[in-house]
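A short reminder: the numbers here are calculations on the coordinates, not readings from a lab. Not measured: the values here are computed from a predicted model. Quick reminder, even Gly has a Cβ in these numbers, built from the backbone with ideal geometry, and neighbours come from all protein chains shown.
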Amino acid sequence: MRSVSEVSARELFAPLGPTYDRYARLLSFGQDPRWRRFLVSRVPLTAERVLDVATGTAAVAIELAKGVQGRTVVGIDQSPEMLAAGRARVERAELSDRIELRDGRAESLPFADGEFDALTFTYLLRYVDDPLATMRELARVVRPGGVAAMLEFDVPRGMWRPLWELYVRVGLPLAGAIVSPGWREVGRFLGPSIREFHARVSLEQLWRDAGLRDVHARRLSLGGGIVVWGIRA
Ligand SMILES: C[S@@+](CC[C@H](N)C(=O)[O-])C[C@H]1O[C@@H](n2cnc3c(N)ncnc32)[C@H](O)[C@@H]1O
């Protein structure tokens, strides 16, 4: 089995586009949509132009646009396969006039400084080589005073930790293997990736170092997920 750093996000997500939404929900015990709704609730309704990075199949982009008249959302992702599934989903939601999905990398965004009123990103920082440099690049495109918010998996603490370990070491690899070869790779990769990331990165400190102020974090679902948000200084 390859180590976490050897698995590129590009390869990992290529086969997942068409089945991503169904199995992401299943493998997170149905928590995923709830976490995204909390993430989106951090973005003020007054934010008119919002960027969603690592938008994947556009779940967050749709949640951002839904119910906020006049808001436009740009979703960026490096996986054409995930974006293809995202475009179909945006069309089904009848939001093609307000959501634009584009190819792009978080490390080098094709936007001017301060172009957006708000920024969201989901399950991204584990996949980049230099989280601080990427975080600075993400903050760069938010106007001063604008809100940034992210969602990531976390490692539960206390009595929940052994159960989480059991799930990511046994349950997830097994469930992934049953679904498909692509999901088998995800099932094996996810636990070590989450564990190693949180062992080396302090998210709130990273955000401050990248130029965000008033940084807050909320752990969700017994600590299985975390939402961090703050204001572009
Ligand atoms: C787990 S998926 C999350 C998708 C979506 N945000 C969601 O909540 O369902 C992670 C996404 O990050 C994208 N990604 C990973 N590294 C990236 C990078 N450096 N730049 C842009 N997208 C990236 C992958 O292609 C994938 O679509």
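Hey, what number do you get for the chain at 222 nm if only DSSP H runs of n ≥ 4 count, each worth -39500 (n - 2.57), divided across all residues, to the nearest 500? Working shown, then result.
Details: 10 runs with 95 residues, N = 233.
Mean residue ellipticity at 222 nm (helix-derived): -11500 deg cm²/dmol.
The overall shape of segment 34-156, judged from the alpha-carbon gyration tensor, is rounded, with an a/c ratio under 1.5.
Taking square-rooted eigenvalues a ≥ b ≥ c of the alpha carbon gyration tensor, is segment 114-233 rounded, prolate or oblate, where a/c under 1.5 means rounded and, failing that, a/b exceeding b/c means prolate? Before the final figure, lay out the partial values.
Details: a/c = 2.58, a/b = 1.90, b/c = 1.36.
Prolate.
Taking the average, over residues, of other Cβ atoms within 10 Å as the packing measure, peptides 51-59, 171-179 rank 51-59, 171-179 from highest down. Please work out the C-alpha center-to-center distance from segment 170-233 to segment 27-73 and express it in whole Å. Centre-to-centre distance over Cα atoms comes out at 17 Å. In segment 59-174, the DSSP beta bridges split such that about 10 percent are antiparallel, to the nearest 5.
Round to the nearest 0.05 the FRET efficiency obtained for Glu165 and Ser41 when R0 = 35 Å and r is the Cβ-Cβ distance.
Working: r = 30 Å, r/R0 = 0.87.
With a Förster radius of 35 Å, E is 0.70.
Once both labels are positioned 7 Å from their Cα atoms along Cα-to-Cβ, the gap between Glu100 and Asp214 label points is 2.9 nm. The distance between label points at Glu48 and Ala199 comes to 4.8 nm (points 7 Å beyond Cα on the Cα→Cβ vector).
Could you tell me which trypsin sites (Lys or Arg not before Pro) in segment 104-157 are loop residues by DSSP with no more than 15 other beta carbons within 10 angstrom of their beta carbon? Don't skip to the end; give the middle numbers.
Numbers: sites: Arg105, Arg126, Arg136, Arg140, Arg157; in loops: Arg157.
Within segment 104-157, the qualifying trypsin sites (Lys or Arg not before Pro) (loop, at most 15 other Cβ atoms within 10 Å) are Arg157.
Mind telling me which of Arg102, Arg218, Arg92 comes out most flexible in a GNM of the chain, alpha-carbon contacts under 10 Å? Greatest mean-square fluctuation among the candidates belongs to Arg92. Antiparallel versus total DSSP beta bridges in the chain: what percent is that, nearest 5? Counting only bridges with both partners in the chain, antiparallel ones make up about 45 percent. Fully extending the segment from Arg157 to Arg10 would add 49.9 nm, taking 0.36 nm per residue of separation and subtracting the current Cα-Cα distance. Please list log₁₀ I(q)/I(0) at q = 0.15, 0.25 Å⁻¹ for segment 1-97, using the Debye equation with identical point scatterers on the alpha-carbon positions. Those come out to -0.64, -1.39, one per q.
Would you mind checking segment 55-98 for residues with the amide N under 13 Å from a putative spin-label position 7 Å along Cα→C-beta of Glu107? Output list for this probe position: 78.
Per-residue packing, averaged as other Cβ atoms within 10 Å, sorts the ranges 39-47, 79-87 into the order 79-87, 39-47, beginning with the highest.
Once the other residues with Cβ under 14 Å from the Cβ of Leu220 are scored (Lys, Arg +1; Asp, Glu -1), what is the net sum? Mind dumping the intermediate values first?
Details: positive: Arg34, Arg36, Arg37, Arg42, Arg157, Arg218, Arg219; negative: Asp32, Glu152, Asp154.
Charge balance near Leu220 sits at +4.
This model, with +1 at the C-beta of Lys and Arg and -1 at the C-beta of Asp and Glu, gives segment 92-144 a dipole about its Cα centre of some 140 debye.
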